Each structure stands twice: as structure tokens, then as C-alpha cells.
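The values are calculated or read from the model by the stated rules, or taken from the named source; none is laboratory data. Fair warning: this is a prediction, and the values are worked out from it, not measured in the lab. Please note: Cβ atoms are built from the backbone with ideal geometry, for glycine as well, and neighbour counts cover all protein chains shown. Just the protein is used for accessible areas: all its heavy atoms, side chains included, with ligands, DNA and RNA removed. Shrake-Rupley method; radii C 1.70, N 1.55, O 1.52, S 1.80 Å.
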Amino acid sequence: MRIKYIYQQFISHISILIIAFIILSLLFAHFVENMVYENKVKELTKYGENILEDFDRTGQEFIFTQYQHVLNTQNISFSIFGQNGVIVYPVANNSTRARLSDEDWNKLSRGEKIITKHNIKWANQEVSLVAIPYIGRGEVIGGILLISPISGSREMISEVNQYLLYTVIIALSVSFLLSWVLSKIHVNRIQKI
């Protein structure tokens, strides 16, 4: 079975365009997903640093309540924990402990931040998590733990992917038409020879 030259040309043009669209779409979707999570982590980190800085400057706990009202509207929760990991704000019974792994506690005790962009379960939902140590008198005396569900981030990524799909479909439609026209032109020129 022999395939007409026009169809060979058409298939070669389209296959190259489809592969290019798929590669670019995957790269763009990955880039957008990383950018959204990076922005969420930067936002959480900035809030944590501001809360600790304001508390350090004023030394008064009403700062926590003010921040809590603001962050609750953005679906961000935070906890302040002491040196032994017991949550001191919001006030909880002494058995409540910030649930971080031993490895994370070691990082915090060395003064390092803990940043988890996604893929961590907290209270049966996936979240972005940032823990920032509070250093006083040259040692870690506590810290702040900020948690934000990634549902809003996932919705935004899904919306971007949906628009990307529409764009790819439109671009493929235009490329099919363009490939067909170019194939026709090449075949006509070859037939004239």
C-alpha cells in the first residue's frame, strides 16, 4: 500500500508540530505549578518572618491575634511553639505538640527553616508548610509553624492547564490547516516538475 505524497508531507508537518506542542505544554504546566507553590512558600515565609519580627519588636502577644484574624481570611493557620515543641499559641493543652518529624526538629534546632511546598498531609488535607525558628540569646527558643491548604493553588493550576489545553487545541487546528496548505503547495510544485 502506497501513501500519497501529500499525506506524507502532511503527516510529517503535523507530527513535528504535535511533538513540539506536547513538549512545550508539559514544560509550561510544570513551570506554572512550581511557580505557584514557590509563591505560596514565599508568602508563608514572609508572614512568619513578619510575625516573629513584630513580636520581637513589641514583645506583646496581641500581635498574634491580629495576624490570626488576617491570615484566617486567607485560609492560612499558624502556631507558635516553644523550645520543646509544645504549642504556646493558640493556647492548647500541654500534650499538644507541633507535629514535625525528628529530622525537621533537628533542622529547626540548628536554626534552619523547614519548607515543604506540597505533598504533605496535615489534618487529612494536603498543605504547604513553613516552620521558622525563633532565635533569642543565640539559641533557638521556639518558632512559628505556618500551614496553608494547597486546594486554592491546585484550582489555579487546573485553570491554567485548562486554558493551556484550549490554546493547544486552537493551535493544533491552525497547524493542521497550515500543514495541509503547505503540503498541497509542495505536492503541486513537485508534480509540475
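Brief remarks follow.
- Length released on extending from Asn84 to Val181, taking residue separation times 0.36 nm less the Cα-Cα span: 27.7 nm
- Inter-probe distance in nm under a simple model that places probes 7 Å from Cα toward Cβ, at Ser12 and Phe31: 3.0 nm
- Accessible heavy-atom area order of Trp180, Trp105, highest first, probe of 1.4 Å: Trp180, Trp105
- Long-range HN-HN contacts of Val127 with modeled amide H, under 5 Å: Asn119, Ile120, Trp122, Ile150
- Per-pair calculated FRET efficiency, R0 = 35 Å: Glu126 and Ile19 via Cβ, rounded to 0.05: 0.60
- Normalised convex hull volume, the stretch 1-63, alpha-carbon set, Å³ per residue: 75 Å³
- Label zone at Met156, where the point sits 7 Å out along the Cα-to-Cβ direction: the stretch 59-92 residues whose backbone N lies under 14 Å: 74-76
- The chain: relative contact order in percent, alpha carbon pairs under 8 Å with at least 6 residues between: 26 percent
- Dimensionless Rg over Rh [the chain; C-alpha; Kirkwood]: 1.31
- Label-to-label distance, Ile169 versus Ile193, with points set 7 angstrom from Cα along the beta-carbon direction: 4.0 nm.
- Rounded Å value of the spacing that divides the Cα centres of the stretch 138-193 and the stretch 1-75: 14 Å
- For the chain, leaving out every one of the GluC sites (Glu not before Pro) that falls in a DSSP loop and has at most 14 other Cβ atoms within 10 Å, the longest unbroken run is 113-193.
- Its Cα gyration tensor gives the stretch 137-193 an equivalent ellipsoid. The semi-axes, each the square root of 5 times an eigenvalue, are 58, 15, 4 Å from largest down.
- Using the rule -39500 (n - 2.57) for each DSSP H run of four or more residues, divided by the residues of the chain, the 222 nm mean residue ellipticity is -21500 deg cm²/dmol.
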